[in-house]
Structures are given as C-alpha cells and as structure tokens.
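**Student:** Can you keep this structure in mind? I'll have questions shortly.
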Amino acid sequence: MRLQFRAYVSVRAVYNIEHERSEAEEEIESQIEWERKQSDASET
C-alpha cells in the first residue's frame, strides 16, 4: 500500500516517531504537533 499526501505545518512544529515491538507485531507511529496563533484559534 502506498499513501501520499501534502501537509503545511508551522515551522515550530515538533515531529515524533515511536517504534513499538512485541513478539507478534511491530508498529511505527508518527505525530506532528504545533500550537496555533491566537488569531488562528478564534477563526474556527
């Protein structure tokens, strides 16, 4: 399976990758987090 997408995020965003392994399976999880400006938050 191939998945492609484009996302625009803040230059201050933090990117985390987590790898978990058990006897039966493995998982890779990624996360991108950033805080919105006050003016951005009030628009939604």
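The values are calculated or read from the model by the stated rules, or taken from the named source; none is laboratory data. Because the structure is predicted, anything quoted here is derived from the model rather than measured. A quick note on method: Cβ atoms are made from the backbone with ideal geometry, for glycine too, and the neighbour counts reach across all protein chains shown.
**Student:** Please tell me if Ser10 is on the phi < 0 side of the Ramachandran plot, among the small types (Gly, Ala, Ser), in a helix (DSSP H, G or I) and at pLDDT below 95.
**Tutor:** no
**Student:** Just for region 7-27: of the residues that are surrounded by fewer than 10 Cβ atoms within 10 Å (Cβ to Cβ) and within 12 Å of the chain's Cα centre (by Cα), which one is nearest to Lys37 (Cα to Cα)?
**Tutor:** Among residues in region 7-27 that are surrounded by fewer than 10 Cβ atoms within 10 Å (Cβ to Cβ) and within 12 Å of the chain's Cα centre (by Cα), the one nearest to Lys37 (Cα to Cα) is Tyr8.
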